[in-house]
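**Q** Let me give you the structure first, and then I'll get to my questions.
The values are calculated or read from the model by the stated rules, or taken from the named source; none is laboratory data. What you see is a predicted model, and the numbers here were worked out from it, not measured in a lab. Note that each Cβ is placed from the backbone with ideal geometry, even for glycine, and that neighbours are counted across all protein chains shown. We work out accessible area using only protein heavy atoms, side chains counted, and drop any ligands, DNA or RNA first. Shrake-Rupley method; radii C 1.70, N 1.55, O 1.52, S 1.80 Å.
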Amino acid sequence: MNDDKNDPDRIAAVMREHVGLMNSAVPWGNEVGFEVTRVEQGHVWGRQPWAENLVGDPDTGVIHGGVITTFLDNLSGMACTAAMTKLRFVATIDLRIDYMRPAEKGLEIIGEAECYRVTKSVCFTRAWAYHETRDRLIATSAGTFAINKPRFGSQSPQGKTQA
Amino acid sequence: MNPDLTNPRADEVDAILRRIPFAQTLGMRCEVLGDEMTAILPFQEKLIGNVTIRALHGGAIASFLELTAMLQVFLISDMPRPPKPMNITIDYLRQGHAKDLYARAYVMKMGRRMASVRAEAWQESRADPVSAIVAHFMVAQD
């Protein structure tokens, strides 16, 4: 574990260590089947495989927009946590999704979320969903997230109790 | 039969919902009275996003609202197929608790090419919505 409190990558490093836990701890995330694949400071990547039970248009096999919303919402929230120097969780205030083109049947979707500004109480994010590379965009999003105050008695990554 | 209470599109809405695999994954259903529709998302463990505070996942709520908005456009139109979404903006207003969720959608503008729709989801009281969306759908069938 990285013990330098001033290292801006400290929380992202903790998240990288616990990426398996982050993938399994969200029931609705498990149901839709996405996983986080990479965490950097303020930046998170993931993959959402195609599956029959996620189809929104039975005539074309295109995945429903709600799956992409779930995916980008989740990745954006994680990007906020990965942008901070103290362990803080966030709650979505609002999220806008623009659908560029339908996802192709059978192809996995790559997601990428960036937290580009952190204030005292709010984080701003943008995110992309695409096939293989960003020039095959499926959807983009812009979001704002509220930073939750630490819960009394919660453990910091150093194991000290925070007030 | 009272024509005000019986919408021939109501059975089609039900048939569409049963044909969409993702709507079945969510487990939602709809009740239609005339041109009014209430969507219902019965609580299930798999809809949870945060196990510590037992809150519904925002993505599950947004998915439910997007489907409700889409079905409302279909209900009041004569489109052969449900419309395709262009964009959706979600406001998360309150925590969604581990219980049933309800939703209604209002088509604010039904144009020739696009429809603008607002939808709200609530639990205890309709006056205290959990989340609201504004969505735009393509309604031109080219």
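**Q** Of the residues in the range A:20-55, how many are in a helix (DSSP H, G or I) and among the aromatic types (Phe, Trp, Tyr)?
**A** Counting residues in the range A:20-55 that are in a helix (DSSP H, G or I) and among the aromatic types (Phe, Trp, Tyr) gives 1.
**Q** Mind listing just one residue for me: the one in the range A:117-148 that is outside any strand (DSSP E or B) and of a type in the set (Lys, Arg) and, of those, surrounded by the fewest Cβ atoms within 10 Å (Cβ to Cβ)?
**A** In the first step, residues of the range A:117-148 are kept if they are outside any strand (DSSP E or B); the result is A:119-121, A:131-136, A:148.
Remaining after also requiring of a type in the set (Lys, Arg): A:120, A:134, A:136.
On the way: A:Lys120: 5, A:Arg134: 12, A:Arg136: 16.
Across the range A:117-148, the extreme among qualifying residues is A:Lys120.
**Q** Within the range A:27-38, identify whether any single residue is within 10 Å of chain B (Cβ to nearest Cβ), farther than 29 Å from B:Gln95 by Cβ, free of Cβ contacts under 8 Å to residues at least 40 places away in the same chain and not hydrophobic (A, V, I, L, M, F, W, C), and answer yes or no. Step through it out loud before you land on a result.
**A** Initially, the range A:27-38 is screened for residues within 10 Å of chain B (Cβ to nearest Cβ), giving A:27-32, A:34.
This time we only want the ones that are farther than 29 Å from B:Gln95 by Cβ, so: none.
No.
**Q** Turning to a different aspect of this structure: Starting from the range B:107-131, take each residue that is within 18 Å of B:Leu41 (Cβ to Cβ) and list its partners that are open to solvent by less than 10 Å² (accessible area, probe 1.4 Å) and of a type in the set (S, T, N, Q), counting only C-beta distances under 6 angstrom and pairs at least six apart or across chains.
**A** B:Ala119/B:Thr68; B:Ala121/B:Ser131
**Q** Among the residues of the range A:42-55, count how many are more than 9 Å from chain B (Cβ to nearest Cβ) and open to solvent by less than 10 Å² (accessible area, probe 1.4 Å).
**A** 4
**Q** Output the residues belonging to the range A:56-114 that are part of a strand (DSSP E or B), at the interface with chain B (Cβ under 8 Å from one of its Cβ atoms) and under 16 Å from A:Gly143 (Cβ atoms).
**A** A:Ala91, A:Thr92, A:Ile93, A:Asp94, A:Leu95, A:Arg96, A:Ile97, A:Asp98, A:Tyr99
**Q** In a strand (DSSP E or B), aliphatic (A, V, I, L, M) and either more than 11 Å from every other protein chain (Cβ to nearest Cβ) or closer than 17 Å to A:Thr69 by Cβ (or both) - does that describe any residue in the range B:27-34?
**A** Yes, the range B:27-34 contains a residue that is in a strand (DSSP E or B), aliphatic (A, V, I, L, M) and either more than 11 Å from every other protein chain (Cβ to nearest Cβ) or closer than 17 Å to A:Thr69 by Cβ (or both).
This table checks each residue for (1) free of Cβ contacts under 8 Å to residues at least 12 places away in the same chain; (2) more than 8 Å from chain A (Cβ to nearest Cβ); (3) over 17 Å from A:Ser141 (Cα atoms).
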| site | (1), (2), (3) |
| --- | --- |
| B:Lys46 | yes, no, yes |
| B:Thr52 | yes, yes, yes |
| B:Gly59 | yes, no, no |
| B:Thr68 | no, yes, yes |
| B:Phe74 | no, yes, yes |
| B:Ser77 | no, yes, yes |
| B:Pro80 | no, yes, yes |
| B:Met86 | no, no, no |
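**Q** OK, next. State which residue is most open to solvent (accessible area, probe 1.4 Å) when the search covers only the range B:42-53 and only residues that are modelled with pLDDT under 95 and either of a type outside the set (A, V, I, L, M) or in contact with a Ser or Thr (Cβ under 9 Å, 6 or more places away or on another chain) (or both).
**A** Only one residue fits best here, namely B:Thr52.
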